[in-house]
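Asks: Sharing a structure, written as structure tokens. Questions coming.
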Amino acid sequence: MIKTEKVLHLKSSRGRKVRVVREHYLRERVPCFSALCQAGCENDGKVLPGDLTHYVVPDAEVVLNYLEVLELVELQGVVFTQTACQALHSKGRRFYNRLRNLLKDPRHDCVLFANEFQEFSYCPREKGESQEKWQTR
């Protein structure tokens with residue numbers, strides 16, 4: 001497990017800027033929720049079926065703009081990243097709840113992958129980089 005730090009710049013209720021540092025731990029073994037996993041992940045709960053030929057991994061911009069297309073039952077094997085879900089949460093609670101319902105629905109074959117906590121998929125935000133650029137990178 002690797003420990004990193006995330007620096008957040010928030011506004012207080014009085015309008016002052018506050019710098020908050022949070023500990024962020026990266027792990028090598030994060031469940032991928034795939035039945036075809038060769039790494040031996042401990043996949044508890046909902047798992048993508050093994051008969052799929054491809055997985056769809058939309059980035060934050062695709063999730064923001066095309067959520068209604070991703071809600072189609074015909075589209076299976078969708079892996080939503082934590083970064084994309086956080087971007088959708090910033091757009092509004094209604095969109096975020098739609099995504100949560102999509103992940104809970106057993107008719108849809110889609111899962112949430114915690115890429116922010118996986119050692120090999122974590123991508124720290126560069127200094128001066130906009131949030132939109134970081135989410136698509």
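Asks: State yes or no: is residue 67 in contact with a strand residue (DSSP E or B) (Cβ under 6 Å, 6 or more places away or on another chain), touching a residue at least 24 places away in the same chain (Cβ under 8 Å) and more than 22 Å from residue 5 (Cβ to Cβ)?
Replies: No.
Asks: Conditions: (1) in contact with a strand residue (DSSP E or B) (Cβ under 7 Å, 6 or more places away or on another chain); (2) in a loop (DSSP other than H, G, I, E, B). Residue 111 meets all but one. Number of the miss?
Replies: The single condition residue 111 does not satisfy is (2).
Asks: Across the range 107-137, which residue is farthest from residue 37 (Cα to Cα) among those that are of a type in the set (A, V, I, L, M) and open to solvent by less than 50 Å² (accessible area, probe 1.4 Å)?
Replies: Pass one, the range 107-137, residues of a type in the set (A, V, I, L, M): 111-112, 114.
Next, from what is left, pick out any that are open to solvent by less than 50 Å² (accessible area, probe 1.4 Å): 111, 114.
Working: 111: 14, 114: 16 Å.
Among those that are of a type in the set (A, V, I, L, M) and open to solvent by less than 50 Å² (accessible area, probe 1.4 Å), it is 114.
Asks: Just to verify a result, which residue in the range 1-26, among those that are touching a Phe, Trp or Tyr at 6+ places or on another chain (Cβ under 6 Å) and open to solvent by 100 Å² or more (accessible area, probe 1.4 Å), is nearest to residue 118 (Cα to Cα)?
Replies: Pass one, the range 1-26, residues touching a Phe, Trp or Tyr at 6+ places or on another chain (Cβ under 6 Å): 1, 3, 26.
Then drop every residue that is not open to solvent by 100 Å² or more (accessible area, probe 1.4 Å), which leaves 1, 3.
On the way: 1: 10, 3: 12 Å.
Step by step, filter the range 1-26, then rank; the result is 1.
Asks: Go through (1) out of contact with any Phe, Trp or Tyr (no Cβ under 8 Å at 6 or more places or on another chain); (2) crowded, with 17+ Cβ neighbours inside 10 Å; (3) on the phi > 0 side of the Ramachandran plot one by one and return the number of the condition residue 92 breaks.
Replies: (2)
Asks: Restricting to the range 64-80, and then to whatever is under 18 Å from residue 115 (Cα atoms) and at pLDDT 90 or above, can you tell me which residue is surrounded by the fewest Cβ atoms within 10 Å (Cβ to Cβ)?
Replies: By that ranking, first place goes to 79.
Asks: Of the conditions (1) in a loop (DSSP other than H, G, I, E, B); (2) within 24 Å of residue 31 (Cβ to Cβ), residue 128 clears all except one; give me its number.
Replies: Exception for residue 128: condition (2).
Asks: Scanning for something in contact with a Phe, Trp or Tyr (Cβ under 7 Å, 6 or more places away or on another chain), open to solvent by 50 Å² or more (accessible area, probe 1.4 Å), in contact (Cβ under 8 Å) with a residue 24 or more places away in the chain and not acidic (Asp, Glu), does the range 30-46 turn up at least one residue?
Replies: yes
Asks: Note down all Cβ pairs under 6 Å where the first residue falls in the range 105-120 and is more than 20 Å from residue 23 (Cα to Cα), the second is open to solvent by less than 20 Å² (accessible area, probe 1.4 Å) and assigned to a loop (DSSP other than H, G, I, E, B), and they're at least six residues apart or on different chains.
Replies: Note: pairs meeting the criteria are 109/77.
Asks: Given the structure, is residue 104 out of contact with any Leu (no Cβ under 9 Å at 6 or more places or on another chain), under 25 Å from residue 37 (Cα atoms), open to solvent by 20 Å² or more (accessible area, probe 1.4 Å) and charged (D, E, K, R)?
Replies: Details: out of contact with any Leu (no Cβ under 9 Å at 6 or more places or on another chain): yes; under 25 Å from residue 37 (Cα atoms): yes; open to solvent by 20 Å² or more (accessible area, probe 1.4 Å): yes; charged (D, E, K, R): yes.
So residue 104 fits the description; yes.
The values are calculated or read from the model by the stated rules, or taken from the named source; none is laboratory data. Nothing here was measured: the structure is a model prediction, and the numbers come from that model. When we count neighbours, we look across all protein chains shown, and the Cβ atoms used for this are built from the backbone with ideal geometry, even at glycine. Just so you know, the surface numbers come from the protein's heavy atoms only, side chains and all, with ligands and any DNA or RNA stripped out. Shrake-Rupley method; radii C 1.70, N 1.55, O 1.52, S 1.80 Å.
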